[in-house]
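All remarks here apply to the structure that follows.
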Amino acid sequence: MLSYRHAFHAGNFADVFKHVLLIQLIRALQRKDKPFRVFDTHAGAGRYDLHSAPAGKNREYQEGIGRLWRQPALGPELNEYREQVRALNPDGELRRYPGSPRLIRNLLRSEDRLTLTELHPGDYPALKAEFAGDRQVVVHHADGYASLKAFLPPLERRGMVFIDPAFELRDEFDRLVEAVQTIHRRWATGMAAIWYPILDRGPSQRFQRNLQEWAIPAILCAELGLYPYDRPAGLHGCGMIVINPPWKLDETLSRLLPELLAALQTGEPGQTRWEWLTPAH
Ligand SMILES: C[S@@+](CC[C@H](N)C(=O)[O-])C[C@H]1O[C@@H](n2cnc3c(N)ncnc32)[C@H](O)[C@@H]1O
C-alpha cells in the first residue's frame, strides 16, 4: 500500500540536503567527457507546487528552501542549488519546487541519459507528463528496486543510482542493503547515493553497520541533524550514503555540511557528521 505523497514534504530541509548533494554528484560526473546515465529509482512527481493544498498543510518548505530563499550570501554549492530552484520561479516568488528528476535533467549534457521509476499511480502520470517528448529521459511506472536488476549495468558504464525511498515500509533499510548488494554485483564502478531519514538514531545506525559487513569499498556517509536527536518525535535529521563518491567529496562535506546547518538555522542546536564507512582502497 502506497500512501506517501512527496507533495506534502517538497522543499523541506530533507529535500534541501539531498538536492544540494545530488547536484554536486551530477556535477562531478560532468568532469569527464564520456556520457553518463542516472537512475532515479523513487522519482516522485518531478516538480511541486508549494501553493497546493498538500504543500500548504504543514508548510514544511518554510523550514527548508524557504529559509535559504532570501539569504544574501550562500556558499557556492548552496547558491547553485538555489539558482536551480530560482530558474523555476523567474518572478522571484517561491512557488514551484523541482523534484530530483527535474534537477538531474537540468544538468544533463546532450549525450547523457536519465531513467526514472515511480510506483505511485498518482505521481507517475505527472512525472510522465513532465518529461513528455524528452528523448534523454525514460519514465517507467515500476518498482525502483526491481528496476535495478533489470537495468544495471547501463550501456554507458558511467553514472549513478539515486535511491530516495518513502520509508513507509518497515523493512525499507533491509531493502536498501539488498539494493546496495545488487548495485555492487552488477555495476561495481557505478556511483550510488541513498537518502535516509533520522527519526531516532537506532535504525540508521544499524543500516550503516549492515552496510559495513558486506566488504563493499568506498562508502561515505553524510548526515545533517537539524534538530537535537533526543527530541521526542519527528524527523530530526537525515543522511546520505554515497558509494564510489567523487574525489574530494569528503573535503567538500567538511565545509558544506556546517554551511547547510547554518543556512537552515532553527535556533535549536543541530549537528553534522561525515565518515567513511568503508575505505576507498
Ligand atoms: C521521497 S519521495 C521521492 C522524491 C524525489 N526523489 C525527489 O527528490 O524529488 C519517494 C517516492 O517513492 C515512491 N515509491 C515508493 N515505493 C516505491 C518503489 N518501490 N519503487 C518506486 N517508487 C516508489 C513514492 O510514491 C514517492 O513518490
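Among the residues of region 143-199, which ones are under 13 Å from residue 38 (Cβ atoms), of a type in the set (A, V, I, L, M) and surrounded by fewer than 20 Cβ atoms within 10 Å (Cβ to Cβ)? Scanning region 143-199 gives a single hit, 152.
Applying the selection to region 54-79, what residues are part of a loop (DSSP other than H, G, I, E, B) and either free of Cβ contacts under 8 Å to residues at least 60 places away in the same chain or touching a Gly at 6+ places or on another chain (Cβ under 8 Å) (or both)? Within region 54-79, 59, 64, 69, 70, 72, 73 meet the criteria.
Within region 219-259, the set of residues being closer than 19 Å to residue 74 by Cβ, touching a residue at least 24 places away in the same chain (Cβ under 8 Å) and among the hydroxyl-bearing types (Ser, Thr, Tyr) comprises just one member, 252.
Looking across 92, 133, 122, 99, one residue alone is over 27 Å from residue 254 (Cα atoms) and near the ligand (Cβ under 9 Å from one of its atoms). It is 122. I'd like the residue in region 260-272 that is closer than 16 Å to residue 77 by Cα and over 18 Å from the mean Cα position of the chain (by Cα) and, out of all such residues, is surrounded by the fewest Cβ atoms within 10 Å (Cβ to Cβ). Restricting to residues being closer than 16 Å to residue 77 by Cα and over 18 Å from the mean Cα position of the chain (by Cα), the top hit is 262. Taking only pairs six or more apart or across chains, which ones have beta-carbon atoms under 8 Å, a first residue in region 172-190 that is closer than 24 Å to residue 206 by Cβ and outside any helix (DSSP H, G or I), and a second residue that is of a type in the set (Gly, Ala, Ser) and modelled with pLDDT of 95 or more? Short answer, once both residue conditions are applied: none.
Looking at the structure I just gave you, is residue 160 within 15 Å of the ligand (Cβ to nearest atom) and either touching a residue at least 60 places away in the same chain (Cβ under 8 Å) or within 14 Å of the chain's Cα centre (by Cα) (or both)? Yes: the conditions hold for residue 160. Residues considered: 51, 19, 42. Of these, the only one that is touching a strand residue (DSSP E or B) at 6+ places or on another chain (Cβ under 7 Å) and either away from the ligand (no atom under 12 Å from the Cβ) or touching a residue at least 60 places away in the same chain (Cβ under 8 Å) (or both) is 42. The sole residue among 218, 233 that is at pLDDT 90 or above and of a type outside the set (Val, Ile, Thr) is 218.
Each residue in region 136-149 was checked for being within 12 Å of the ligand (Cβ to nearest atom) and either free of Cβ contacts under 8 Å to residues at least 12 places away in the same chain or not small (Gly, Ala, Ser) (or both), and 7 of them qualify.
The values are calculated or read from the model by the stated rules, or taken from the named source; none is laboratory data. It should be emphasised that the depicted structure is a prediction, and the values quoted were computed from it without experimental measurement. Cβ coordinates were reconstructed from backbone atoms using ideal geometry, including for glycine residues, and neighbour counts include every protein chain displayed.
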